[in-house]
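Notes to accompany the following structure.
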Amino acid sequence: MFAIGLCKVPSRNVRQAMISFLHALSETMFKVTGLVMNYAPIGIGFSIAATVGKNGLGVLVSLGKLVGVLYGTLAIFIIVVFVPIMLISRVPVKKFFLTTWQPFLLAFTTASSESALPKAMECLEHKMGIPKKIVGFVIPTGYSFNLDGTSLYLSLA
C-alpha cells in the first residue's frame, strides 16, 4: 500500500527522497542487526551454561543425539538435493561455499537462519557479484518460503 501511495506522489523529487531515506534506513538496520548477531553466540553460551547448571550434563547427551541426527539428515539433503541442482544450474559450488561460510557459521551458532540474512545478502552481493536487486528479492523470499531445514527439524523434534 505504501509503495502504491508513493507511486501516486506527483513530485519525482519527493519520491526519490523517500526511496533514499528508506534505503539508508535499511542499510542502517542491517548494520545494527549485524552488531547484535555478533554477540548472539555469547548469549547462547550462557543459555547452555544455565541449562547444564540446572539439569546436569545428561541433558547434553540427548540434545547431542538429536542435533547429530538432524545435521546428518541435513547433510544428506544437501548432497542429494542442493548439490545436483547447483551442478545442473552451473553455480560455482566451491566459490559458493567459500563465500557463504560466514553466514552459515552464524546461522549454525545462533540456531537461526534469520540472524544470518544480512551477512548472507552482503556476501552474495559483494563476493559473488550477484546484483543487489536479485539478492534483495531472492534471499528474503527464499527465507520465507523455503523451510526445508525447519521441516526436517520439526520431523525429528
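Just a few scattered comments:
- Segment 98-144 - residue that is among the β-branched types (V, I, T) and assigned to a helix (DSSP H, G or I) and, of those, farthest from the chain's Cα centre (by Cα): I134
- Contact annotation: residue pairs with Cβ atoms under 7 Å, 6 or more positions apart or on different chains, pairing a residue in segment 9-35 that is free of Cβ contacts under 8 Å to residues at least 40 places away in the same chain and assigned to a helix (DSSP H, G or I) with a partner that is open to solvent by less than 80 Å² (accessible area, probe 1.4 Å) and of a type outside the set (F, W, Y), are R15/L6; R15/V9; M18/L6.
- Qualifying residue in segment 3-17 (condition: surrounded by 12 or more Cβ atoms within 10 Å (Cβ to Cβ), in contact with a Leu (Cβ under 9 Å, 6 or more places away or on another chain) and either among the polar types (S, T, N, Q) or closer than 19 Å to M121 by Cα (or both)): no
- Total residues in segment 61-92, condition surrounded by 11 or more Cβ atoms within 10 Å (Cβ to Cβ), among the β-branched types (V, I, T) and within 27 Å of I130 (Cβ to Cβ): 4
- Enumeration of residues in segment 49-65 that are out of contact with any helix residue (DSSP H, G or I) (no Cβ under 8 Å at 6 or more places or on another chain) and in a helix (DSSP H, G or I): A49, A50, G53, K54, N55, G58, V61, S62, L63, G64, K65
The values are calculated or read from the model by the stated rules, or taken from the named source; none is laboratory data. The shown structure was predicted, so the numbers you read here are calculated from the model rather than taken from an experiment. Here Cβ is always computed from backbone atoms with ideal geometry, including for glycine, and neighbour counts include all displayed protein chains. In case anyone asks, the SASA skips ligands and DNA or RNA and just uses the protein heavy atoms, side chains included. Shrake-Rupley method; radii C 1.70, N 1.55, O 1.52, S 1.80 Å.
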